[in-house]
């Protein structure tokens with residue numbers, strides 16, 4: 001390690017004040033601090049500091065996402081071979097998915113970090129770690145057949161408009177990955193919805209699926225439910241267990257609730273994500289699901305779906321665990337987090353059921369609550385302020 | 001009030017090198033040094049000049065804005081140097097000490113038989129008033145404004161803190177006398193916070209049952225010993241109110257100016273920390289040279305940082321520096337100059353040796369009593385606020401700490417007031433400094449905020 005350290009120190013002067021490459025200091029600095037926690041000592045304030053830093057925090061989230069990523073890769077292959085009717089073993093399925101998901105990952109990180117580097121060089125700021133997680137999230141929340149250039153455009157849009165214009169990591173109002181998702185959805189709706197994008201299948205002329213088994217539909221479970229497949233046949237097609245384990249079509253990382261729960265366990269165990277948001281979101285979704293059950297008309301499959309299905313289908317679990325808990329865009333106060341999470345649960349299911357165009361509401365619900373989070377905090381803090389003001393009055397009386 | 005007040009939030013940081021309950025006497029120092037910067041906001045008005053002879057208890061300087069508060073010389077001797085910095089700001093006053101300390105005689109007095117004015121005069125002329133801190137803002141006290149109440153914290157919960165019961169052993173009478181004096185200074189009550197731990201609070205054994213003095217027992221992790229936390233849990237400060245606070249550590253000195261009629265600034269200081277060979281208590285005096293206190297007792301294998309005061313709030317000193325006016329501990333911490341490689345010691349390591357309040361490191365699985373050698377490395381780089389809810393876990397106030405800091409950064413005075421800035425001092429944010437993922441210097445922000453708010457209010 002000493003050799004590596006010496007090498008870095010050898011190049012350092014070029015990037016320091018007055019060096020030829022000083023402009024690129026943020027890039028060098030990010031590499032340097034990635035490898036070595038710098039030997040900076042405390043100058044002001046407390047003399048000793050906690051071992052935690054933003055890199056460690058972000059890393060924990062990335063590790064928590066790995067089960068979803070791996071399962072997602074396998075499921076891409078699994079769905080493909082189901083559609084074509086070929087048989088394949090575990091490794092073959094995984095490898096099939098791996099070579100299709102990898103480009104998405106590369107594009108997302110490449111474009112996102114590229115944009116981030118450019119902004120930091122222009123502004124002369126150090127590069128903050130926020131995108132490490134966003135870059136991983138973006139490939140996991142898109143359909144497998146989305147064109148790479150779209151992902152690139154969406155990522156660039158999300159980083160620039162979603163984050164950098166507000167001042168970078170920590171300053172953004174909207175979750176960056178969801179901004180990319182929303183951009184894709186509204187800019188290229190045909191590539192983000194419908195029955196044609198969720199499963200990677202061989203394509204014939206005009207992009208129509210070719211070489212697939214008879215009766216292949218390519219729709220997601222929610223798509224089927226929205227098109228009013230009767231509840232019995234829906235439940236026959238997608239068992240709750242399938243939905244829980246994730247062997248159904250959907251965005252790459254969102255299908256397996258089991259993999260998500262492993263990630264959630266790590267996030268809760270390490271205390272990185274807010275359990276308040278997760279729990280209240282869960283309660284909100286259950287409550288909304290039960291309300292819909294109670295008032296469901298006979299032909300509305302989505303409303304008839306048991307709340308448990310709602311938790312397991314679509315992007316709800318993934319969104320709640322990995323996106324709603326984004327500390328920057330969520331409510332900041334503990335009371336606020338309860339309200340924020342609960343409303344995400346309610347709205348996710350509500351949008352999912354009532355949105356005529358697209359049977360999924362989680363990303364819209366979270367984005368909407370991202371915008372509302374400061375308002376929630378405002379009222380929570382006002383309550384604290386009023387309490388203090390009341391105390392002054394009592395003291396004066 | 002009976003019963004125990006439980007403070008649920010906080011964090012005990014166990015550092016290696018806690019002081020053993022033994023003490024050494026070191027000879028009286030050759031010189032002492034007093035720094036006006038130990039007293040927040042104080043602008044010194046010198047009462048002596050170079051070459052003057054002083055007795056222990058003679059005022060060296062007074063607060064220009066609050067002339068009743070003056071700072072007394074801990075020793076007798078000759079003023080040898082007044083060190084000035086930029087714009088002739090007085091940084092330090094050096095006093096060459098006599099071999100045998102001669103005390104200014106104020107005459108023995110009994111506070112219970114004195115009036116408030118007489119007590120104030122005695123405290124003021126002997127320099128003992130300098131040990132009081134005024135809240136809000138944490139400056140020296142204004143004797144013209146009677147405090148609503150007086151709060152005394154009876155213990156220190158900082159890492160490696162001195163045990164007051166041990167440090168003040170044998171001075172129980174002086175403590176009692178001091179509390180009697182304090183009780184006369186306020187129309188309200190003198191609240192004394194004691195630790196609920198078994199066997200703690202022995203220094204108050206003679207003081208129990210004093211009139212207008214109320215003892216409250218506190219249980220919890222640091223900052224439970226901070227007087228600000230104790231005030232917040234008993235009777236919070238409202239806008240427009242003033243309270244005085246002090247540490248029980250200084251009560252013996254205050255008691256001494258009545259019982260003995262002299263300003264006896266001797267202290268029993270805890271010398272502790274990972275860099276100390278034999279952590280123990282040293283009997284010395286306010287302003288004594290650090291070199292005398294730690295002489296030969298600091299390892300020389302690595303570079304160590306000496307801190308007068310707590311690792312969380314203290315002042316960095318060199319061996320040529322001096323013990324701060326309020327400080328009860330001197331700590332030697334390892335300097336964390338060397339970069340840490342990502343996989344072995346850095347942010348991707350397992351981190352069994354890295355203390356963290358967050359559960360992203362395994363500290364919390366290793367038990368509460370494990371001791372850590374935490375060096376002075378920042379352990380990361382400065383970032384924007386990202387993680388939420390982190391300060392709240394170690395900040396036992398019904399205040400939103402991050403929002404308060406942001407109100408300060410935005411210079412929004414109304415918001416600062418509304419969010420409760422009058423109830424806190426930088427020391428209350430020390431743990432926020434410590435736990436911050438984004439490595440934000442919360443104490444510095446608050447100190448700046450209080451300073452500009454105070455200037456704004458005039």
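Below, the figures for the structure above:
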{"quantity": "Pick from the range B:264-289, criterion touching a residue at least 40 places away in the same chain (Cβ under 8 Å) and over 18 Å from residue B:167 (Cα atoms), ranking: surrounded by the fewest Cβ atoms within 10 Å (Cβ to Cβ)", "calculated": "B:289"}
{"quantity": "Hits in the range B:365-378 - residues which are at pLDDT below 90 and either on the phi > 0 side of the Ramachandran plot or surrounded by 15 or more Cβ atoms within 10 Å (Cβ to Cβ) (or both)", "calculated": "B:367"}
{"quantity": "Answer from A:19, A:114 - the residue that is part of a helix (DSSP H, G or I) and free of Cβ contacts under 8 Å to residues at least 12 places away in the same chain", "calculated": "A:114"}
{"quantity": "Those residues of the range B:363-379 which are under 19 Å from residue B:340 (Cα atoms) and more than 7 Å from chain A (Cβ to nearest Cβ), in sequence order", "calculated": "B:363, B:372, B:373, B:375"}
{"quantity": "Matching entry among A:168, A:218, A:263, A:211 (being over 24 Å from residue A:148 (Cα atoms) and in a loop (DSSP other than H, G, I, E, B))", "calculated": "A:168"}
{"quantity": "Scope the range B:89-129; condition touching a helix residue (DSSP H, G or I) at 6+ places or on another chain (Cβ under 8 Å), surrounded by 17 or more Cβ atoms within 10 Å (Cβ to Cβ) and part of a helix (DSSP H, G or I); matching residues", "calculated": "B:111, B:119, B:120, B:122, B:123, B:126, B:128, B:129"}
{"quantity": "Selection status of residue A:349, closer than 14 Å to residue A:287 by Cα and modelled with pLDDT of 95 or more", "calculated": "no"}
{"quantity": "Meets criteria (over 27 Å from residue A:129 (Cα atoms) and surrounded by 24 or more Cβ atoms within 10 Å (Cβ to Cβ)) for residue A:352", "calculated": "yes"}
{"quantity": "Considering residues of the range B:316-353 that are surrounded by 23 or more Cβ atoms within 10 Å (Cβ to Cβ) and facing chain A (nearest Cβ under 7 Å) only, the residue farthest from residue B:282 (Cα to Cα)", "calculated": "B:347"}
{"quantity": "Sole exception among (1) crowded, with 20+ Cβ neighbours inside 10 Å; (2) assigned to a helix (DSSP H, G or I); (3) facing chain B (nearest Cβ under 8 Å) for residue A:5, by number", "calculated": "(1)"}
{"quantity": "Given (1) more than 14 Å from chain A (Cβ to nearest Cβ); (2) closer than 30 Å to residue A:389 by Cα, index of the condition residue B:243 fails", "calculated": "(1)"}
{"quantity": "Filtered residues of the range B:361-390 (kept if touching a residue at least 24 places away in the same chain (Cβ under 8 Å) and farther than 23 Å from residue A:37 by Cα)", "calculated": "B:368, B:369, B:370"}
{"quantity": "Residues within the range B:296-315 that are more than 19 Å from residue A:47 (Cα to Cα) and either free of Cβ contacts under 8 Å to residues at least 24 places away in the same chain or within 14 Å of chain A (Cβ to nearest Cβ) (or both), tallied", "calculated": "3"}
{"quantity": "Residue ID - farthest from residue A:137 (Cα to Cα), chosen from residues in the range A:171-182 that are part of a helix (DSSP H, G or I) and away from chain B (no Cβ under 13 Å)", "calculated": "A:182"}
{"quantity": "Residue in the range A:150-162 that is over 20 Å from residue A:188 (Cβ atoms) and in a helix (DSSP H, G or I) present", "calculated": "no"}
{"quantity": "Residue among B:154, B:139, B:201, B:228 that alone is surrounded by 19 or more Cβ atoms within 10 Å (Cβ to Cβ), touching a helix residue (DSSP H, G or I) at 6+ places or on another chain (Cβ under 9 Å) and at positive phi", "calculated": "B:201"}
{"quantity": "Residue in the range A:33-52 that is more than 14 Å from chain B (Cβ to nearest Cβ), modelled with pLDDT under 95 and either part of a loop (DSSP other than H, G, I, E, B) or touching a strand residue (DSSP E or B) at 6+ places or on another chain (Cβ under 6 Å) (or both) present", "calculated": "no"}
{"quantity": "Filter result (over 29 Å from residue A:58 (Cα atoms), without any contact (Cβ under 8 Å) to a residue 60 or more places away in the chain and assigned to a strand (DSSP E or B)) within the range B:316-360", "calculated": "B:316, B:317"}
{"quantity": "The range A:53-66 - residue that is within 7 Å of chain B (Cβ to nearest Cβ) and assigned to a helix (DSSP H, G or I) and, of those, surrounded by the fewest Cβ atoms within 10 Å (Cβ to Cβ)", "calculated": "A:59"}
{"quantity": "Residue A:72 vs. criteria more than 14 Å from chain B (Cβ to nearest Cβ) and out of contact with any helix residue (DSSP H, G or I) (no Cβ under 8 Å at 6 or more places or on another chain)", "calculated": "no"}
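The values are calculated or read from the model by the stated rules, or taken from the named source; none is laboratory data. Because the structure is predicted, anything quoted here is derived from the model rather than measured. Cβ atoms come from the backbone with ideal geometry, glycine included; neighbour counts cover every protein chain shown.
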